[in-house]
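Inspection log for the structure reproduced underneath, given as structure tokens.
The values are calculated or read from the model by the stated rules, or taken from the named source; none is laboratory data. Everything numeric in this text was worked out from a predicted model, so none of it was measured. As a convention, Cβ positions derive from the backbone with ideal geometry for all residues, glycine included, and neighbour counts pool all protein chains shown. These accessible areas exclude ligands, DNA and RNA; they are computed on the full protein's heavy atoms, side chains included. Shrake-Rupley method; radii C 1.70, N 1.55, O 1.52, S 1.80 Å.
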Amino acid sequence: MEIDLRSDTVTRPTPAMLKYMFNARVGDDVFNEDPTIKELEKKAAAIFGKEAGLYCPSGTMTNQIAIKVHTQPGDELLCDVTAHVYNYEGGGISFNSGVQAKLIPGDNGRFTAKQVEEHLHPDADWLPRTSLVTIENTSNRGGGTYYQIKNVKEIGQVCKRHKLNFHLDGARIFNALAETKENPKEYGKTCDSISICLSKGLGAPVGSVLIGNAEFIDRARRIRKLFGGGMRQAGYLAAAGIYALDNNIKRLKEDHQRAKHMAKILVKKSYVSHILPVETNIIIFSLDKSMPAEKFTSALKKENILVSTMGNNTLRMVTHLDFNDKMMKIVETALNKIK
């Protein structure tokens with residue numbers, strides 16, 4: 001048995017999801033004729049009270065399309081220093097949009113409205129024009145931390161006051177909502193665009209949806225084609241997203257409970273020096289200097305357990321729908337063996 005805790009992207013479709021995919025009705029989505037893709041886009045947009053959606057292969061593409069639509073070359077966007085759009089999207093901010101990023105040092109991936117105000121430039125010809133603010137919910141590198149809608153609205157008010165666009169990288173937004181119980185439509189009212197990932201905690205094999213108003217999505221559709229993201233009979237994949245939205249949101253709390261239990265196991269180990277607060281399904285922890293990351297990961301790999309390294313003797317585990325209580329006991333036993 002292989003236990004893969006590197007990410008929640010490693011899940012495989014369940015038999016029920018595969019059956020739903022195989023039964024999908026499809027058409028040519030470049031011609032905007034795939035009925036299943038249209039259904040998914042409409043469903044995702046409706047959850048957040050937005051007018052329209054655009055199905056894409058990945059969260060990186062949905063984020064990069066949003067940045068491209070919201071900005072002009074030479075502009076600047078604000079994001080957290082840990083932000084996925086800055087750290088893990090291949091330099092796409094500058095490559096795709098000709099935009100530079102100004103980094104805000106937040107609290108484990110979250111910053112405040114006050115910090116946004118503090119990082120804005122005065123109006124001057126020799127300074128870049130700030131045109132976009134992006135937040136990430138939950139924060140990947142922040143250890144799965146999440147915003148409260150109150151704080152998101154405060155940032156949104158600053159954006160409106162300064163005529164800035166506001167994008168939410170909601171790759172794991174449903175993990176956040178599982179904890180806060182907030183109405184997703186409040187995010188739709190506050191953010192100009194939202195990226196929703198289906199292939200992480202929701203368990204679909206492929207896909208993300210970008211949502212916004214109809215005009216925004218019309219522009220985004222053209223950018224998707226420009227980026228090479230036009231798909232044909234992709235309704236077979238979109239069907240997995242529909243199934244995920246219908247069946248895999250409520251169970252996210254199980255992943256969170258297992259992650260918190262894993263943190264309780266790790267905190268007792270002498271070779272663990274620090275653990276970020278575990279709020280959802282991500283556990284980020286640092287090892288003591290006496291325990292090199294290579295030694296730790298090798299010991300787990302011998303037990304068929306995979307985890308991610310993040311540099312500086314820091315590692316990450318992510319719980320997901322393919323990780324159960326039986327596997328948890330196997331991991332605990334393996335951790336107890338490490339000296």
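Annotation note: of Lys200, Lys250, the sole residue that is basic (Lys, Arg), modelled with pLDDT of 95 or more and open to solvent by 40 Å² or more (accessible area, probe 1.4 Å) is Lys250. Beta carbons closer than 6 Å, at least 6 apart along the sequence or on distinct chains, pair a first residue in segment 1-15 that is more than 16 Å from Met310 (Cβ to Cβ) with a second that is in a loop (DSSP other than H, G, I, E, B) and open to solvent by 30 Å² or more (accessible area, probe 1.4 Å) for Glu2/Asn304; Asp4/Val10; Thr11/Leu321; Thr11/Asp322; Pro13/Pro205. Just so you know, in segment 18-32 the residues that are charged (D, E, K, R) and not in a loop (DSSP other than H, G, I, E, B) include one that is least open to solvent (accessible area, probe 1.4 Å), and it is Asp29.
Does Thr280 qualify as being open to solvent by less than 70 Å² (accessible area, probe 1.4 Å), of a type in the set (Ser, Thr, Tyr) and in contact with a Gly (Cβ under 6 Å, 6 or more places away or on another chain)? Considered against the rule, which asks whether it is open to solvent by less than 70 Å² (accessible area, probe 1.4 Å), of a type in the set (Ser, Thr, Tyr) and in contact with a Gly (Cβ under 6 Å, 6 or more places away or on another chain), Thr280 comes out as yes.
Contact map, segment 251-269: first residue closer than 17 Å to Leu300 by Cα, second residue loosely packed, with under 15 Cβ neighbours inside 10 Å and modelled with pLDDT under 95, Cβ cut-off under 6 Å, separation 6 or more or different chains; the map is empty. Restricting Pro35, Pro15 to those that are under 16 Å from Pro205 (Cβ atoms) and open to solvent by 20 Å² or more (accessible area, probe 1.4 Å) reduces the list to Pro15.
When residues in segment 115-156 are screened for being in a helix (DSSP H, G or I) and within 26 Å of Pro73 (Cα to Cα), 6 of them pass. Scanning segment 283-316 for residues that are open to solvent by less than 20 Å² (accessible area, probe 1.4 Å) and part of a strand (DSSP E or B), we see that the one that is farthest from Gln148 (Cα to Cα) is Ile305.
The residues in segment 85-131 that are under 17 Å from Ala171 (Cβ atoms) and of a type in the set (A, V, I, L, M, F, W, C) can be counted, and the count is 2.
Look through segment 70-101, keep the residues that are part of a loop (DSSP other than H, G, I, E, B) and touching a residue at least 60 places away in the same chain (Cβ under 8 Å), and return whichever of them is most open to solvent (accessible area, probe 1.4 Å). Result: Thr82. For segment 157-170, a tally of residues being outside any strand (DSSP E or B) and open to solvent by less than 20 Å² (accessible area, probe 1.4 Å) returns 3.
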